[in-house]
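Some notes on the structure that comes next.
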Amino acid sequence: MKIRKILDFSFTHILLLLLSIVWVMPILWVVLISFRQEAGSFTPYFFPKALTLDNYIKLFTDTKQFYFAKWFGNTLFVAICSCILSTFYNLSTSYCLSRLRFRIRKPFMSFALILGMFPGFMSMIAVYYILKGVGISQSLIALILVYSGGAGLGFYIAKGFFDTIPKALDESALIDGATKFQIFHKIILPLSKPIMVFTVLTSFMAPWMDYIFASVIMGDNYDNYTVAIGLTKMLDREFINTFYTQFAAGAVLVSIPIAILFIIMQKYYVEGVSDGSVKG
Amino acid sequence: MKIEMEETNSTIKSVSKAKGKSFFLRDAFKNGDKFTKLSLIIMGISNLVHGQIVKGLFFIFTEISFLIYMITTGMEEIFLLGSLGKTQQGWVYNETLGIDVLQDGDNSMLILLFGIFAVFAVSIFILIWMANIKSAMELQTLKNDGKKIPMFKDDIKEYLDGKLHNTLMFLPLLGIFAFTVLPLAFMILIAFTNYDSQHQPPGNLFTWVGLENFKAMLSVGGTISNTFWPVLGWTLIWAVAATFSTYIGGILLAILINKKNVKIKSFWRTMFILSIAIPQFVTLLTMKTMLQDEGALNVLLQEIGLISGPIHFWTDPTLARITVIVVNLWIGIPFTMLTVTGILMNIPKELYEAAKVDGAGPIVIFFKITMPYVLFITAPTLITAFIGNINNFNVIYLLTAGGPANLNYFQAGKTDLLVTWLFKLTTTGKEYSYASTIGIIVFILSIIFSLLLYRKTAAYKEEGDFS
């Protein structure tokens, strides 16, 4: 019996180890490439011959073709602005749908559901023309507006959270003469810190990861690129041989904060997924 | 106090319900005093007379600006929607100059965009107009009852209390309208025009063609439909394969990590979660280069001596399809693992104990207890995941960009999903009408699968009762 237990134990752990090697290898590989001294996208051998920090240094100092530091700043700026707007939009909508009763509440929720069924970037070209019509295409403001514009439709998670806060709290405050706005920002919001953090962080992360909308809106305006489109641009056929190792360095720099944020928030993430699907 | 409030609330509700929209309009015509009746034509007059200066000015200002907008451009814009422009850009003989002059044509795209905007403007104006009459009627009743008329300050208070939803939802709705509804309406209408690479404004006009695009897409025999059906087929195969493989793999992985004898569970979990924590454009683009003919994996395998020549992961159509599904496992399995872990921990221990007493082995337990239990709870997420995979743009686009290309297809490759084909048609092909048609078809597919979900999910019905 004991032997069987030991066998089972070691088998499980060896299996886990093998699987995690498969899972982590591509990630380790990017890290490895980011330190590789030899330029070029492909090498006829697997392990780099020499390691260096040059790729990271060049990424910030060599601004002739690409300006990574500026992209980083752009993304940070867009992320901060759009996360403020999105959080406000998202929490306001969620509070209204969870706590207030008004005529367009139900229609709005069904409408949001239907809107969500369209492929997200079907409207992309039209968004581009609208921005162009207003005269702000290829600008960072356009990106901020696009990222935060739909935030009111992503109310499922926060609404689900607000729904769990006891109604009795609202009612007692109401008796004490509080207005609904006071209930919102003095009672509900302080009780919803976890979900606020989640909303802030998810909307903060989006600009770092989005490639599609940013690339359509920015076109060839390299100066206003975000890191995602900039780094992807480095892998274009004409650049890949010179910039591949720098791409890896940039990718590592962007991934570290994003990955840390994600791992911190994984719990809410799960709740969001199951909530969103059940409640619609 | 509370009961009283609820009572008044419910009476207000029932009254407003009984008086439908048309009803209060008729009421205004019939019983309105002269100011209410005047408000039907000159908005805000009743508010101004009764001392609600700000509100009244707002109504009047809205009306004036709306009228100016309609007279200067709005009317024409709506009118032009019918034809989407008639004058084509081209060389016209100018008699005074005696030469051909380039004449500006109508821009069908802008006509459509402004036209939709004008239609929305009209509907919003009608809403404000009705609010104006409602307000006038309210003032009339208040005055007749001899009650105090709320001033601007009271109104503001009301907008932070009873009408808080108007205040809080205004900006979010504006955002949704400008960046979701308006563009979507535009693109849906495009599906009924011939806005393709041959009809690009400003050089050319495009016009309404009814259901032609859908016919071209769904019929059998044309180039478009010869692409559509195989791409649709692959989309469905992909969605089924990707959903179920990651689902089952994720459950197995979660069970493995949650085994009683596994040490440092959170460490293992984090190792797997890394693959979804890192932005997809990083991981997928890395995978793409790793699996190239001269990429790292082929080099490694050749160094070890497992293969003599490179494996063509991306250039062989069948292999490329298998590869995207396998790479998708890398992202999808940790994702399912994450969602399932919590559910696994909630399975009642008694179930397992009872099964063990009955002499069930681990495999029987898995198929008779774990699977049914998890399936029961996660069935809704399964359908959401399926819809998500139909729309799984990132994995396909960043890995293969739809390739390898197929000459029999219309601007599509062997691994293209409907959505990546849509993306290519809009960005590189400029075949907007076909792209929009595909968008609508994907929408219809999603709706069908979601209806299956919502009809089966009791939780959704319960939410309706929530209050």
Check: Can you name the residue in the range B:329-345 that is hydroxyl-bearing (Ser, Thr, Tyr) and under 26 Å from the mean Cα position of the chain (by Cα) and, of all such residues, is nearest to residue B:280 (Cα to Cα)?
Finding: B:336
Check: Of the residues A:159, A:193, A:186, which single one is within 11 Å of another protein chain (Cβ to nearest Cβ) and of a type in the set (Lys, Arg)?
Finding: A:159
Next item on the list: Report, by residue number, each residue of the range A:159-192 that is of a type in the set (A, V, I, L, M, F, W, C) and surrounded by fewer than 17 Cβ atoms within 10 Å (Cβ to Cβ).
Entry: A:165, A:168, A:169, A:175, A:178, A:181, A:187, A:189, A:191
Margin query: Name the single residue that is surrounded by the fewest Cβ atoms within 10 Å (Cβ to Cβ) among those in the range B:210-244 being free of Cβ contacts under 8 Å to residues at least 40 places away in the same chain and within 30 Å of residue B:105 (Cβ to Cβ).
Written below: B:210
Next item on the list: Determine, yes or no, whether residue A:60 is more than 13 Å from chain B (Cβ to nearest Cβ), free of Cβ contacts under 8 Å to residues at least 24 places away in the same chain and part of a helix (DSSP H, G or I).
Entry: yes
Check: Name the pairs: first residue in the range A:5-19 and surrounded by 14 or more Cβ atoms within 10 Å (Cβ to Cβ), second residue among the charged types (D, E, K, R), Cβ to Cβ under 8 Å, at least 6 apart or on different chains?
Finding: A:12/B:259; A:13/B:263
Check: Out of the range B:292-332, which residues are in a helix (DSSP H, G or I), without any contact (Cβ under 8 Å) to a residue 40 or more places away in the chain and of a type outside the set (S, T, N, Q)?
Finding: B:296, B:297, B:299, B:300, B:301, B:303, B:304, B:319, B:322, B:326
Notebook entry, point to check: Of all residues in the range A:236-251 being of a type outside the set (Lys, Arg) and surrounded by fewer than 18 Cβ atoms within 10 Å (Cβ to Cβ), which is nearest to the other protein chains (Cβ to nearest Cβ)?
Noted result: A:240
Next item on the list: Could you name every one of the helices (runs of 4 or more DSSP H) located completely within the range B:31-92 that has at least 3 residues being loosely packed, with under 13 Cβ neighbours inside 10 Å and hydrophobic (A, V, I, L, M, F, W, C)?
Entry: B:53-69
Note to self: Taking the conditions exactly as written (more than 27 Å from residue A:266 (Cβ to Cβ), at the interface with chain B (Cβ under 7 Å from one of its Cβ atoms) and crowded, with 21+ Cβ neighbours inside 10 Å), does residue A:123 satisfy them or not?
What the structure shows: yes
Checklist line | Members of the range B:168-192 found to be touching a helix residue (DSSP H, G or I) at 6+ places or on another chain (Cβ under 6 Å), more than 7 Å from chain A (Cβ to nearest Cβ) and surrounded by fewer than 23 Cβ atoms within 10 Å (Cβ to Cβ), listed by number | finding: B:185
Notebook entry, point to check: Tally time: how many residues in the range B:396-437 are in a loop (DSSP other than H, G, I, E, B) and within 19 Å of residue A:235 (Cα to Cα)?
Noted result: 5
Next item on the list: Looking only at the range B:253-264, count how many residues are surrounded by fewer than 22 Cβ atoms within 10 Å (Cβ to Cβ), more than 10 Å from chain A (Cβ to nearest Cβ) and in a helix (DSSP H, G or I).
Entry: 1
Checklist line | helices (runs of 4 or more DSSP H) wholly inside the range B:139-252 containing at least 2 residues that are more than 30 Å from residue A:183 (Cα to Cα) and not acidic (Asp, Glu) | finding: B:182-190, B:212-218
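The numbers here are math on the coordinates, done by the rules we state, and not lab data. Predicted model only: the values in this text are computed from it and were never measured. Here Cβ is always computed from backbone atoms with ideal geometry, including for glycine, and neighbour counts include all displayed protein chains.
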